[in-house]
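Student: Following this message is one structure expressed as structure tokens.
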Amino acid sequence: MSKWTQGLNPEQGDAVNHNYGPLLILAGAGSGKTTVLVSRTGRLIDDKIATAEKICVLTFTNKAARELKHRVQLKVGIKSKGLWAGTFHSFGLQLLRKNHKLCGLPAQFGILDQSDSQAVLKDLAKNLRNTTKDKFDFSKVLECVNLLRAKKSLPVDQLEEYHEMAIALTPGYEKELLRLGVVDFEGLLLEPLRLFREHPEVLMQTQERFQQIMVDEFQDTNQEQMKLIRAISESHMNLSVVGDDDQSIYGWRGAEIQNILNFPKDFKNCQVIKLERNYRSSSSILDLGNAVIAKNAKRHGKILRSEKAKKAEHIKPEVFVLDNEDEESDFVFREIQTIKAAGGKNKDIAILYRSNTQGAFIETTLRKGQIPYSITGGTSIFDRKEAKDWLAFLKQSLNDDEVSFRRIVNLPPRGLGENTLDKLITYAEEVGLNLPQASKKWDKAGLPEEKGKILDNFNEWLWTFPQRLLDDTSIGETISKRFEFLVREIGYRDLLIKNSEGQAFEKRWQVIEIVGRILESFVGRRDPSIGTLKDFVDSMQLRDDVGNEEAKDEVQLMTFHASKGLEFPNVLLVGVEEDLLPHKRLGSDIDEERRLFYVGITRAQEKLTLSYCRQRKKQGVVRPVSPSRFLIEVEEQDLVIRHELGNRPVTANEREDLVKNFLAKFSSERK
């Protein structure tokens, strides 16, 4: 047994020892897939099957990529240098940066997020002869535009006018992205595929560079990601994918479960290894999970078996039936108190629900009971306006970025309104400049000297911003302090004070402080240079999670979707009802909704509690509800303990104590 398979079970060892050809690792929940990925990567390097530079690991989060690289480095040391691990979007970004000229892009092209893309579409829509364009939801327009760009069919449930709007805007949108010198998120996948088609030599170079391809969370891949995987691996077929079809829950955002279901048929001589030993949950929890997911017909056959110690084996999942959502919230509060009384901590408890609206009732009760909590999977700090504003300042200070320039040129207001911008845009189009370049030739654009001086001062401030941020100790000893100083200097803090009061201001300023700390942490782990600031911008635009702080002792509230990949000693699944799970409006794919329930069940390590109500208020009207069909499907199998009255029955000892306490109290009152 080699050092790479020591401590692994036989199936894990087989996966780690695989060298060449296609491999599908069906990794059940809690089966140690990360350990397998790390060990296989390290062994390939150590046994000289492939050098680190020849290995590419594609993940769905940068956090997963960083963890893998770190753990491999700990085991193989300097030999791991050059290992490429990152997200599909990071891969696309690197490829486009390297071949930017072939793609008609500037060397430091920008990346548009969804709100920026919607703003571009809104701007283009102004030129359409459509009197009703103001009523459009441009997030839906963007969704249709992206489907057209990927040569996919438009959704049949979308209004015809959205189809027409998308068809009219798509050609202009793609031209506008090129003119602006930017790529949007969809383009980070589509443009590499186009690059491979139009420049086969680039594809050959990429295939030559990466001789071993691995893909994590393979069940979440969409069509474009699958095309990318096929392209870079087709010359050698050394492709290993890790995933669990039973945890495929992102069909609504494009994930194709067929990618993992058909993998053994699509790739000849594919070896399939099942990881069915679960190191997370007790057997009673897995019994329920196995029974639920077995009702899905289209899946790879797989049964999870618990490898945990037997101490928690007797604790069956419990189902509590409550009258309404208010009682359910009170029940959640009581359960938290019960768990803590038994020695549990707040952070050991997760409350999962299908829809975010369910969380509001529980939040109110937890606040009232002064139980600390946090909501996982909520809005990212870099989705907040303040963070996006300052990312735009940093982007424009490093390279001309027309979208960023438009966002910040009059932020805070400095007298450069729409008329000024229109004159600059007209001049820029006439002479073939971008907007930031045109702003430096304001006199030729016909702007008065007063406006010109404001633009000169603004551009001068931007030009000095990066270097002052990195090394001007006269304005602060640390990068975070220098960042806050510069935010104040340009008047942004005063703007926040003017537009918000008290706690609202504190929350908005806190975003600035957090961005400063994340920036300092990022630069601190690297060489403090302009290049590092550019890397920071890329990471933030790719939604990297570099700012995670240590978990506090708080109860975790989250949707079923947000819980994927996490685990907790105690899990409460609330609202396990028909029309919530499966969801009446969002749950048209019943198999995927069942997989979502399975994901929720398998988050629990020791104790799983479920609840549903007899009635729930919907659109202002109290209506009777039924338990989820997923519960009804398995109720004959004696896998759960039901509490129809919403409480556990009192034990004989507890009853005796209650009687004693009552009699003691009664006696004292009579005296």
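The values are calculated or read from the model by the stated rules, or taken from the named source; none is laboratory data. Please read these numbers as outputs of a predicted model, since none were measured by experiment. Because the Cβ atoms are built from the backbone with ideal geometry, glycine has one as well, and the counts that use them run over all protein chains shown. In case anyone asks, the SASA skips ligands and DNA or RNA and just uses the protein heavy atoms, side chains included. Shrake-Rupley method; radii C 1.70, N 1.55, O 1.52, S 1.80 Å.
Student: Consider residue 198 against the criteria (1) loosely packed, with under 14 Cβ neighbours inside 10 Å; (2) under 16 Å from residue 56 (Cα atoms); (3) touching a residue at least 60 places away in the same chain (Cβ under 8 Å): it satisfies all of them except one. Which criterion is unmet?
Tutor: Exception for residue 198: condition (2).
Student: Check 76, 141, 145, 120 and return the single one that is among the β-branched types (Val, Ile, Thr), closer than 30 Å to residue 201 by Cα and part of a helix (DSSP H, G or I).
Tutor: 145
Student: Would you tally the residues in the range 251-283 being in a helix (DSSP H, G or I) and surrounded by fewer than 22 Cβ atoms within 10 Å (Cβ to Cβ)?
Tutor: 9
Student: Mind listing whichever residues of the range 328-345 are open to solvent by less than 10 Å² (accessible area, probe 1.4 Å) and either over 31 Å from the mean Cα position of the chain (by Cα) or within 18 Å of residue 376 (Cα to Cα) (or both)?
Tutor: 332, 336
Yes/no per residue for (1) touching a residue at least 12 places away in the same chain (Cβ under 8 Å); (2) of a type outside the set (S, T, N, Q); (3) out of contact with any Lys or Arg (no Cβ under 6 Å at 6 or more places or on another chain):
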{"site": "211", "(1), (2), (3)": "yes, no, no"}
{"site": "218", "(1), (2), (3)": "yes, yes, yes"}
{"site": "223", "(1), (2), (3)": "yes, no, yes"}
{"site": "227", "(1), (2), (3)": "yes, yes, yes"}
{"site": "239", "(1), (2), (3)": "yes, yes, yes"}
{"site": "244", "(1), (2), (3)": "yes, yes, yes"}
{"site": "247", "(1), (2), (3)": "yes, no, yes"}
{"site": "250", "(1), (2), (3)": "yes, yes, yes"}
{"site": "256", "(1), (2), (3)": "yes, yes, yes"}
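Student: Would it be correct to say that residue 118 is touching a residue at least 40 places away in the same chain (Cβ under 8 Å), of a type outside the set (A, V, I, L, M, F, W, C), within 26 Å of residue 401 (Cβ to Cβ) and touching a Leu at 6+ places or on another chain (Cβ under 7 Å)?
Tutor: no
Student: Just the residues that are over 20 Å from residue 37 (Cβ atoms) and not polar (S, T, N, Q), please, taken from the range 234-249.
Tutor: 234, 249
Student: Right, something else. Report, by residue number, each residue of the range 325-363 that is within 20 Å of residue 623 (Cα to Cα) and of a type in the set (S, T, N, Q).
Tutor: 329, 355, 356, 357, 358
Student: Between 596, 557, which is crowded, with 22+ Cβ neighbours inside 10 Å, in contact with a Gly (Cβ under 7 Å, 6 or more places away or on another chain) and not charged (D, E, K, R)?
Tutor: Exactly one of 596, 557 is crowded, with 22+ Cβ neighbours inside 10 Å, in contact with a Gly (Cβ under 7 Å, 6 or more places away or on another chain) and not charged (D, E, K, R), namely 557.
Student: Now for a different question. Is there a residue in the range 543-557 that is in a loop (DSSP other than H, G, I, E, B), among the basic types (Lys, Arg), at pLDDT below 95 and over 27 Å from residue 333 (Cβ atoms)?
Tutor: Within the range 543-557, one or more residues are in a loop (DSSP other than H, G, I, E, B), among the basic types (Lys, Arg), at pLDDT below 95 and over 27 Å from residue 333 (Cβ atoms).
Student: Same structure again: Does residue 203 count as without any contact (Cβ under 8 Å) to a residue 60 or more places away in the chain and either closer than 30 Å to residue 531 by Cβ or outside any helix (DSSP H, G or I) (or both)?
Tutor: Yes.
Student: Of (1) in contact (Cβ under 8 Å) with a residue 24 or more places away in the chain; (2) on the phi < 0 side of the Ramachandran plot; (3) not aliphatic (A, V, I, L, M), residue 377 satisfies all except one. Which?
Tutor: Answer for residue 377: the failing condition is (2).
Student: For the range 263-300, name all the residues that are farther than 24 Å from residue 34 by Cα, charged (D, E, K, R) and in contact (Cβ under 8 Å) with a residue 24 or more places away in the chain.
Tutor: Listed by number, the residues that qualify are 268, 295, 298.
Student: Looking at the range 563-571, can you tell me whether even one residue there is in a helix (DSSP H, G or I) and under 21 Å from residue 33 (Cα atoms)?
Tutor: Within the range 563-571 (the criterion being in a helix (DSSP H, G or I) and under 21 Å from residue 33 (Cα atoms)), the answer is yes, since at least one residue qualifies.
Student: Give the residue that is farthest from residue 325 (Cα to Cα), with candidates limited to residues of the range 609-646 that are more than 34 Å from the chain's Cα centre (by Cα) and open to solvent by less than 90 Å² (accessible area, probe 1.4 Å).
Tutor: 637
Student: Yes or no: residue 145 without any contact (Cβ under 8 Å) to a residue 12 or more places away in the chain and among the aliphatic types (A, V, I, L, M)?
Tutor: no
Student: Here's a follow-up. Name every residue in the range 346-391 that is under 23 Å from residue 553 (Cβ atoms), hydroxyl-bearing (Ser, Thr, Tyr) and open to solvent by less than 50 Å² (accessible area, probe 1.4 Å), in order of residue number.
Tutor: Those that are under 23 Å from residue 553 (Cβ atoms), hydroxyl-bearing (Ser, Thr, Tyr) and open to solvent by less than 50 Å² (accessible area, probe 1.4 Å): 353, 365, 373, 374, 376, 380.
Student: For a quick check of your reading of the model, give me the residue pairs whose first member lies in the range 1-23 and is in contact (Cβ under 8 Å) with a residue 40 or more places away in the chain, whose second is exposed (fewer than 15 other Cβ atoms within 10 Å of the Cβ) and not hydrophobic (A, V, I, L, M, F, W, C), with beta-carbon atoms closer than 6 Å and at least 6 apart or on different chains.
Tutor: 21/269
Student: Return yes when residue 433 is touching a Ser or Thr at 6+ places or on another chain (Cβ under 7 Å), at pLDDT below 95 and either surrounded by fewer than 19 Cβ atoms within 10 Å (Cβ to Cβ) or over 18 Å from residue 489 (Cα atoms) (or both) and no when it is not.
Tutor: Criteria not met by residue 433.
Student: Next question. Taking the range 81-107, which residues are open to solvent by 40 Å² or more (accessible area, probe 1.4 Å) and either under 15 Å from residue 61 (Cβ atoms) or of a type in the set (Phe, Trp, Tyr) (or both)?
Tutor: 89 - this is the single residue of the range 81-107 that is open to solvent by 40 Å² or more (accessible area, probe 1.4 Å) and either under 15 Å from residue 61 (Cβ atoms) or of a type in the set (Phe, Trp, Tyr) (or both).
Student: Among the residues in the range 484-499, are any under 27 Å from residue 420 (Cβ atoms), assigned to a helix (DSSP H, G or I), aliphatic (A, V, I, L, M) and open to solvent by 70 Å² or more (accessible area, probe 1.4 Å)?
Tutor: yes
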